[in-house]
Amino acid sequence: MSRIGNKAITIPAGVEVSIASGNEVTVKGPKGTLVKTFSPLMEISVDANVLTVKRPNEEKHTKQLHGTTRALIAAMVEGVNTGFTKTLKIVGIGYRAALAGSELTLNVGFSHPVKFTVPSDVKVEVPDANTINVSGIDKQIVGQFAAVVRATKKPEPYGGKGIRYVDENVRRKEGKTAKK
């Protein structure tokens, strides 16, 4: 029994959800519109600001789809209503970020600056040289772009230098000690 899949999604005021044939779910809200097609096995229904996802049988595959479908729809509703934000922190002497138009430039200890083209549905802000805010309405795209930026220079365990999420805990290791 899927605990996540059985939860009903309450649709907040100002958000519209419509379901077309073939399980194509369209969610419109104050921040934008998201459209996604789900498996035809799932039964998605909207009744008076409550969205429910039901599965037709108890096979393993449909049980897996049940919770996933519900979680994806809940993320769509939250995204068009409030949006998602990931904040990255750059730690290291001389490490910095700069934003010029739709191009994010990172100087993180390489012989050259690393440049990223910001996707059109993601908003990137650089409030100071050591902070990057990635925001948008699609949870997957925001998380993917933040992960790609972080993968440029992951935080290393000895000096702690690199790009990390603000809430990330980097486990530090003790370095070599002098022989006595």
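Details
- Yes/no for residue 11 being open to solvent by less than 50 Å² (accessible area, probe 1.4 Å), closer than 25 Å to residue 141 by Cα and out of contact with any helix residue (DSSP H, G or I) (no Cβ under 9 Å at 6 or more places or on another chain): no
- Which listed residue is farther than 23 Å from residue 144 by Cα, surrounded by fewer than 16 Cβ atoms within 10 Å (Cβ to Cβ) and not β-branched (Val, Ile, Thr), from 57, 130, 23: 57
- Filter result for residue 56 (touching a Gly at 6+ places or on another chain (Cβ under 7 Å) and outside the structural domain of residue 151 (by the TED database)): no
- Positions within the stretch 26-54 being exposed (fewer than 12 other Cβ atoms within 10 Å of the Cβ) and among the polar types (S, T, N, Q), in sequence order: 37, 45
- Residue count, the stretch 108-142 (criterion: hydrophobic (A, V, I, L, M, F, W, C), in contact (Cβ under 8 Å) with a residue 40 or more places away in the chain and under 25 Å from residue 77 (Cβ atoms)): 3
- Residues satisfying the stated conditions in the stretch 151-180, i.e. within 17 Å of residue 98 (Cβ to Cβ) and under 17 Å from the mean Cα position of the chain (by Cα): 163
- Any chance residue 97 is farther than 30 Å from residue 73 by Cβ and not assigned by the TED database to the domain that holds residue 72: yes
The values are calculated or read from the model by the stated rules, or taken from the named source; none is laboratory data. Bear in mind that the values here come from a model prediction, so they are computed numbers and not experimental data. Cβ coordinates were reconstructed from backbone atoms using ideal geometry, including for glycine residues, and neighbour counts include every protein chain displayed. In case anyone asks, the SASA skips ligands and DNA or RNA and just uses the protein heavy atoms, side chains included. Shrake-Rupley method; radii C 1.70, N 1.55, O 1.52, S 1.80 Å.
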